[in-house]
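The values are calculated or read from the model by the stated rules, or taken from the named source; none is laboratory data. Keep in mind the model is a prediction, meaning the values are calculated, not measured. Every residue, glycine among them, receives a Cβ derived from its backbone with ideal geometry; neighbour counts consider all protein chains shown.
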Amino acid sequence: MQDIMRIRHSLSHVMAEAVKEIYKDVKLAIGPAIDNGFYYDFDIPQAILPEDLQKIEDKMKEIIKKDFDFTQSFMTKEEARKFFANEPYKLELIQGIQDEKVSIYTSGDFVDLCAGPHVESSKELRSAAFKLMSIAGAYWRGDSKNKMLQRIYAVCFASKEELKKYLFEIEEAKRRDHRKLGPELDLFFLDDTAPGMPYWLPHGLKLYNKLLAFWREEHEARGYQEFSGPQLNSRKLWETSGHWAHYKDNMFITGEEENPLALKPMNCPNSIMVYKHKVRSYRELPLRFCDCDRLHRKEISGTLHGLLRVQSFTQDDSHNYIRDTQIKSEINSILDIADRFYDIFGIKYHAVLSTRPEDYMGDINLWNKAESELKEIMTERFGKDGFELNEGDGAFYGPKIDLLMTDALGRKWQTGTIQLDFQLPRNFDLTFANEKGELEVPVMVHRVIYGSFERFIGVLIEHFAGAFPFWLCPTQAGIVPVSENNFEYAKEVATVLKENGITPEIDLSQNGMGAKVNSFRKMKVPYTLILGEKEQNEKTVSIKIRGGKQVNDIPLQKFVEVCKKQNKDRTLNLVEEF
């Protein structure tokens, strides 16, 4: 890894040299190595265009063919100021260097202010595979008060095979982008009149509701109790929870100035109020209050990103109230749910355990006990090296387990989280009566599995490239009558499917049969039923299966039974044999 980072950093210098040879009046800023590649920021009078990237890349390859070394030397700050007198950004960097001497790297005819490290010779760059990817605007030092520079991004790998794989994944990611597929599949759209607040279209809401129905079914079977709380709560509640002091800037606030109300960004205070509304006994614990209420969090506009970063969303929350002796069993129970939920989508997840931070609150002995039990749980479930330990990065109120999903392209997404909380129960004076009638304080477990429905659906769209498992599809069967003579049979088939819990859609338009089939193909419908005279007379269906295969003369009832089983079992792959 160290070698490839040296190569990337060295190539950023080569790119800077190439740009200076091609363009006039170039002022250099910075050019570091980054994950997967490198970039360099330039101040140039003229705009660098996408079509110019190949020209710059060709010039880089021309420079690399020369034999030269990367040589480090040192100058006093005064010498460096004179040397870089015409480079204002370098002069500013020199000003901020604390040492009396500054590091300079020379590579052929090019000299740059740089601490390194670099490769020793240009020969080491010849086998590297790189490609200039894009141009972007970047404020000097990331400050919008400074001048906007032009940044050229490049990717770089040790071999052509790695570069080819990466470029394929980039194109595949573009093809799967939920911001593109969502509107194409009539799932959702976003509009400037409600930034970061998705409109769910009928198809998207069907998918959303299927996810919610699955969630409710699984949680009810495990003793969870669903509730719903207010959208607006007074300042008093948020002050007690600590959100007013620590999260106010991210909250939408309304109401009178002396008694403001805030749209809830979190569900935990509402759950606590449900717990508090009557006296609790140890016999009730674990007590699991779950909800899927709407949340609102104010985000900086530039950070909004499709469904992955929104301002209005639904989180599949649960807050479980337990005794400290129940920590191990409750965490295992929650991880069982995670296993079930992620496995149903064919998605692997990676667990990260974050432990006590320096500014922790609560009893140190309880922390030690909790961390010990969590480590034991993780080791038993995932093996000694099967999870990541993130020392000191827990929440101030308790240790936590984060669950990172890995999608079809190998990308990791933060979804589920399980957090132990020793503090909020004390802030709100939560208690339960133990066996002796004495009052104890419960431990509170915050947990989500999907994370938010919006983000999870965005991840699913990209994971499946819009071709969802049968049980999750908004339209499970597209129905194409060959002619108007088959309209009534098409309606009859649709009725039978609906009666059996299968979601159909009929195309009764004047379009030709081929156009209708193609329309359902574009919508990634699992099964398209073609109904002509033969099918009508014999009460059968001919099925175009998503992916291209077609089977004919399948009894309607047989098709229904196959679909019902897929819905019941929530199978991942389509049945192709009837």
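Within the stretch 551-578, residues that are free of Cβ contacts under 8 Å to residues at least 60 places away in the same chain and on the phi > 0 side of the Ramachandran plot have Cβ atoms under 8 Å from residues that are among the β-branched types (Val, Ile, Thr) and assigned to a strand (DSSP E or B) in these pairs: ASP553/THR540, counting only partners at least 6 apart in sequence or on another chain. Close Cβ contacts (under 6 Å, 6 or more residues apart or on different chains) running from residues in the stretch 415-435 that are touching a residue at least 40 places away in the same chain (Cβ under 8 Å) to residues that are crowded, with 20+ Cβ neighbours inside 10 Å and basic (Lys, Arg) comprise ILE418/ARG447. Taken together, the residues in the stretch 344-367 that are out of contact with any helix residue (DSSP H, G or I) (no Cβ under 6 Å at 6 or more places or on another chain), under 28 Å from GLY383 (Cβ atoms) and either among the hydroxyl-bearing types (Ser, Thr, Tyr) or in a loop (DSSP other than H, G, I, E, B) (or both) amount to 6. Total residues in the stretch 364-383 satisfying the condition of being small (Gly, Ala, Ser) and either surrounded by 15 or more Cβ atoms within 10 Å (Cβ to Cβ) or touching a His at 6+ places or on another chain (Cβ under 8 Å) (or both): the figure is 1. Tell me, yes or no, whether the stretch 460-468 has at least one residue that is crowded, with 22+ Cβ neighbours inside 10 Å, aliphatic (A, V, I, L, M) and out of contact with any helix residue (DSSP H, G or I) (no Cβ under 7 Å at 6 or more places or on another chain). Yes, some residue in the stretch 460-468 is crowded, with 22+ Cβ neighbours inside 10 Å, aliphatic (A, V, I, L, M) and out of contact with any helix residue (DSSP H, G or I) (no Cβ under 7 Å at 6 or more places or on another chain). Reported count of residues in the stretch 455-497, each being within 17 Å of SER509 (Cβ to Cβ) and among the acidic types (Asp, Glu), is 2. Within the bounds of the stretch 425-439, is there any residue that is closer than 25 Å to ARG340 by Cα and either touching a Pro at 6+ places or on another chain (Cβ under 8 Å) or hydroxyl-bearing (Ser, Thr, Tyr) (or both)? For the stretch 425-439, residues closer than 25 Å to ARG340 by Cα and either touching a Pro at 6+ places or on another chain (Cβ under 8 Å) or hydroxyl-bearing (Ser, Thr, Tyr) (or both): absent. What residue, among those in the stretch 217-269 that are assigned to a helix (DSSP H, G or I) and polar (S, T, N, Q), is nearest to the chain's Cα centre (by Cα)? Among those that are assigned to a helix (DSSP H, G or I) and polar (S, T, N, Q), it is ASN250. Taking (1) in a helix (DSSP H, G or I); (2) at positive phi in turn, ALA490 satisfies each apart from (2). Take the residues in the stretch 317-341 that are of a type in the set (Ser, Thr, Tyr) and farther than 18 Å from GLU226 by Cβ, then tell me which one is modelled with the highest pLDDT. Once the filter is applied, the top-ranked residue is SER329. All conditions but one from (1) of a type in the set (S, T, N, Q); (2) out of contact with any Lys or Arg (no Cβ under 7 Å at 6 or more places or on another chain); (3) modelled with pLDDT of 95 or more apply to THR314; the one that does not is (2). Within the stretch 476-501, the set of residues being crowded, with 18+ Cβ neighbours inside 10 Å and either over 19 Å from GLY204 (Cβ atoms) or not aliphatic (A, V, I, L, M) (or both) comprises GLN476, GLY478, ILE479, VAL480, PRO481, VAL482, ASN486, TYR489, ALA490, VAL493, ALA494, LEU497.
For the stretch 270-295, a tally of residues being small (Gly, Ala, Ser) and within 31 Å of the chain's Cα centre (by Cα) returns 1. For the stretch 307-334, filtering for residues that are farther than 28 Å from ILE457 by Cβ and either part of a strand (DSSP E or B) or within 15 Å of the chain's Cα centre (by Cα) (or both) leaves 2. Among the criteria (1) modelled with pLDDT of 95 or more; (2) within 29 Å of THR406 (Cβ to Cβ), the one PHE289 does not fulfil is (2). Restricting the search to strands (runs of 3 or more DSSP E) fully inside the stretch 368-473 and requiring at least 1 residues that are under 19 Å from the mean Cα position of the chain (by Cα), of a type in the set (A, V, I, L, M, F, W, C) and within 20 Å of ASN267 (Cα to Cα) gives 400-406, 412-421, 443-452. Being assigned to a helix (DSSP H, G or I) and at pLDDT below 95 holds for only one residue in ASP25, ASP3, and it is ASP3. For the stretch 388-409, state whether one or more residues are of a type in the set (Lys, Arg), more than 30 Å from LEU167 (Cα to Cα) and free of Cβ contacts under 8 Å to residues at least 24 places away in the same chain. No: the stretch 388-409 contains no residue that is of a type in the set (Lys, Arg), more than 30 Å from LEU167 (Cα to Cα) and free of Cβ contacts under 8 Å to residues at least 24 places away in the same chain. Evaluate the following for GLU124: is it in the same structural domain as LYS147 (by TED's automatic domain parsing), among the acidic types (Asp, Glu), in contact with a strand residue (DSSP E or B) (Cβ under 8 Å, 6 or more places away or on another chain) and in contact (Cβ under 8 Å) with a residue 24 or more places away in the chain? Against the criterion (in the same structural domain as LYS147 (by TED's automatic domain parsing), among the acidic types (Asp, Glu), in contact with a strand residue (DSSP E or B) (Cβ under 8 Å, 6 or more places away or on another chain) and in contact (Cβ under 8 Å) with a residue 24 or more places away in the chain), GLU124 does not qualify. Taking the stretch 269-328, which residues are farther than 30 Å from ASP192 by Cβ, touching a Cys at 6+ places or on another chain (Cβ under 8 Å) and not small (Gly, Ala, Ser)? HIS319, the sole residue that qualifies. Applying the criterion of at least 3 residues that are modelled with pLDDT of 95 or more and under 19 Å from THR475 (Cβ atoms) to the helices (runs of 4 or more DSSP H) found wholly in the stretch 493-578 leaves 513-522, 556-569.
Of the helices (runs of 4 or more DSSP H) lying entirely inside the stretch 62-180, the ones with 2 or more residues being among the acidic types (Asp, Glu) and surrounded by 12 or more Cβ atoms within 10 Å (Cβ to Cβ) are found at 160-176.
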